[in-house]
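The values are calculated or read from the model by the stated rules, or taken from the named source; none is laboratory data. Here the structure is a predicted model, which is why all the values come from computation and not from measurement. Neighbour counts are summed over all protein chains in view; Cβ atoms, including those assigned to glycine, are modelled from backbone coordinates with ideal geometry. For the accessible areas, the whole protein counts, side chains as well, though only heavy atoms, and no ligand, DNA or RNA atoms are used. Shrake-Rupley method; radii C 1.70, N 1.55, O 1.52, S 1.80 Å.
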Amino acid sequence: MDYKKLVADCIKCIPDAQRQLYEHFAPAMLGICFRYTKSIADAEDVLQDGFIKVFKHLHSYKFEGELGGWIRKIMVNTALNFLKTSKKYQYDLSFSEMPLHPVSTNDPVVDLQTKELAELIRQLPTGFQTIFNLHAVEGYSHVEIASMLGISDGTSRSQYARARALLIDWIEKFSLKEQPEKYGRK
Amino acid sequence: MEENKFEKQVQQKMNELQIQPSEAVWKKIESQIEKKKERRWGLIILFLCSVIILSGGYWLWNGEKQKVVENSRSEKSMLEKNSNSSATIKEDTIVQQQIHSTSESANRKNNDVAKDEEKRKAKENTLFNNSKANQPFNLDDKSATMFSIKKKIKDKTDGKTEMQISSAETSQKQTVNENTINDSLNKNYKEISVDSLSKPVVLDETIKHEDTSKHQQAIIETIKHSNKKRWKFGLLFASGVSGAGKDVFSLTYPAASYNSGNLNSGGPQQQGFSSSATKAGFGFIAGVSAEKNISKKIEFASGINFKSFSTSFKLYDSAGTYSARIAANKYINHFNFIEVPLSLKFQLGNGKHLPLSWQAGISISELISSNALQLNSSTGYYYKDNSLLNKTQVGFNTAFLLTLFSKQKNSILIGPYFYYDASKIANEGLYDKKHFVFTGLHTQIIFGK
């Protein structure tokens, strides 16, 4: 796909080009939004806000990195804003010290399906879920995460360790045929 | 190493995650993008209208200024001409006296030796020479005046040859202004019988008086004309209470639940959450005004204003997120507009010291920003969505204004102001079918008398 032409046409507000850009990236971006939220409806709200930002700021994209990566960053930031401003996520995004879950010494081989793993990540408390997504999936360092969420990097590290331990515990249990709740549209 | 292995596996799997969004998401995105385009166009149109109004006002202002300068110049020249003509009138008095004495002697001769043609001709020649002798001192119009008088004398004394003299005299060139003055003089002379020629001074005063009054009238007309056409500019500020209600008299509305239709699309619908009562807040209007007389007692007023209205309700949260679940904290919704008012100002009564006027008109406003919250009644959360608000608003304004310092160069207008927004604030959401109402004190400074 010729991204340069597509971006140029989107900047000119050509509807077909906008639709094409959306259709090309929307499924992957909804996957990202889905990992940060607790429901598909919230994920779609984040996706909507994110794409509005994408079209608004597309003129500032300088082709210095991949277009997908640029859109992905916008989606992650939109998701973080959504979590910060949405009351129902506020309770879980407190990053308070919680009892440490036992850390598994044996890292499991993740032989779950993609959607099953994503569902397990979404079962984590919002704080854990956010930090796990940012560090394990997006690849941000703890210092970066600390500045993004307004916490110390130590908190980020400890929260991540707990999230990771909890998730490994669940993966192991899941592998032993303990079925988690099915996710999906309500 | 182990940690990296686990993370890599997770990262790989999560990067593969793709979910097809529902069609409604794109429709919402599309409508938002289009609204932004429309809003941009709205702002461009508003900006262009403002530029046209301001440049038109400036052009008219300059044009009228030039006209006033030209009028004052023509008045000056009229005054100069009038002073000349009054000098002429004085000279005419002398001539009339001469004519008068001549006519008396002619009458006498007519009685004594009526048939002495030679002598009469000699006298007429003397008269003619007299008038000619005055010419370097006088204007041509005097000759016409003399002709008029002499004709009357001739009619009375049965003269015959005066027409020849008159044709010679009237052949001289006369300017338009001089003609006007001559006409006026001739008219007066014709109306007066020959007997009344014995009172030439009275006649002169009448002419002078009529001429002065005409001149004054002309000046008044000029001033009136220039005042009527001139734009007056000013600054205005109105502050007071703004609110949103269902009718003209309501600034508040009680707690109620609303369907937002925006959040949790596809999620389960819950009932029960309602907004707290919406209360009135502070509002103000500030801007520049331009006014112009369209008749003796009616003025047209326009301008461009920044208008800010606010309403308030209570929320739950303390850190930037909002909920209607527990009413505790106050939140103020601001609505900022650019407004173009179009009004007529009617002068009431004949108050000379404190003139009172009634202003009424319409205002076209464009929403430029707002922090207004909407309520999702199913979740009980407030959220911002300005796309639900109608961007263009049309309302009615009215005010009773008392003019202070009306005889000074800059006058101040002060009085109660009322505004009602005929357009709905929004067609859905928390402000569904509500209208803005604003009432306050209007103050305005008009520059120039």
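On average, how many beta carbons from a partner chain sit within 10 Å of the beta carbon of a residue in A:164-175? Display every interim value, and only then the final one.
Numbers: counts 4, 0, 0, 2, 1, 0, 0, 2, 0, 0, 0, 0.
Mean inter-chain Cβ contacts per residue within 10 Å come to 1.
In the structure displayed, which of A:73/B:307; B:246/B:292; B:330/B:391 lie more than 32 Å apart, Cα to Cα?
Working: A:73/B:307 38 Å; B:246/B:292 35 Å; B:330/B:391 25 Å.
Over 32 Å Cα-Cα: A:73/B:307; B:246/B:292.
Expressed as a whole number of Å, what is the distance separating the alpha-carbon centroids of region B:366-422 and region A:140-177?
50
Per residue of A:37-49, count partner chain C-beta atoms within 10 Å of its C-beta, then hand back the mean as an integer.
5
For residue B:306 and residue A:73, what is the calculated FRET efficiency with R₀ set at 51 Å and r taken between the beta-carbons, to the nearest 0.05? All intermediate terms of the calculation are to be shown ahead of the outcome.
Working: r = 37 Å, r/R0 = 0.72.
After rounding, the FRET efficiency stands at 0.90.
Run the numbers on region B:395-449 and let me know its relative contact order in percent, using alpha-carbon pairs under 8 Å that are six or more apart. Show your work: numbers first, answer last.
On the way: 116 pairs, mean separation 21.3, N = 55.
Contact order relative to length: 39 percent.
When Rg is the radius of gyration of the Cα atoms in region A:16-64 and Rh is its Kirkwood radius, what does Rg/Rh come to? Present the calculation step by step, with values, prior to reporting the outcome.
Values: Rg = 11.6 Å, Rh = 11.5 Å.
Using Cα coordinates only, the ratio equals 1.01.
Please give, to one decimal in nm, the separation of the simple spin-label points placed at residue B:402 and residue B:390, each 7 Å out from Cα toward the Cβ.
Between residue B:402 and residue B:390, the simple spin-label model gives 3.6 nm.
For region B:342-449, just list the percent of Cα-Cα distances falling in each 5 Å bin from zero outward, please.
Histogram of Cα-Cα distances, whole percents per bin: 2, 11, 16, 17, 13, 11, 9, 8, 6, 4, 2, 1, 0.
Starting from the amide H of residue B:351, placed 1.01 Å from N in the peptide plane, find each other amide H under 5 Å away whose residue is 5 or more places distant or on another chain.
B:356
Chains B and A: buried accessible surface, both sides, probe 1.4 Å, rounded to 100 Å²? Numbers along the way, then the final one.
Values: alone 26610 and 10640 Å², together 33110 Å².
Separately minus together, B and A give about 4100 Å² buried.
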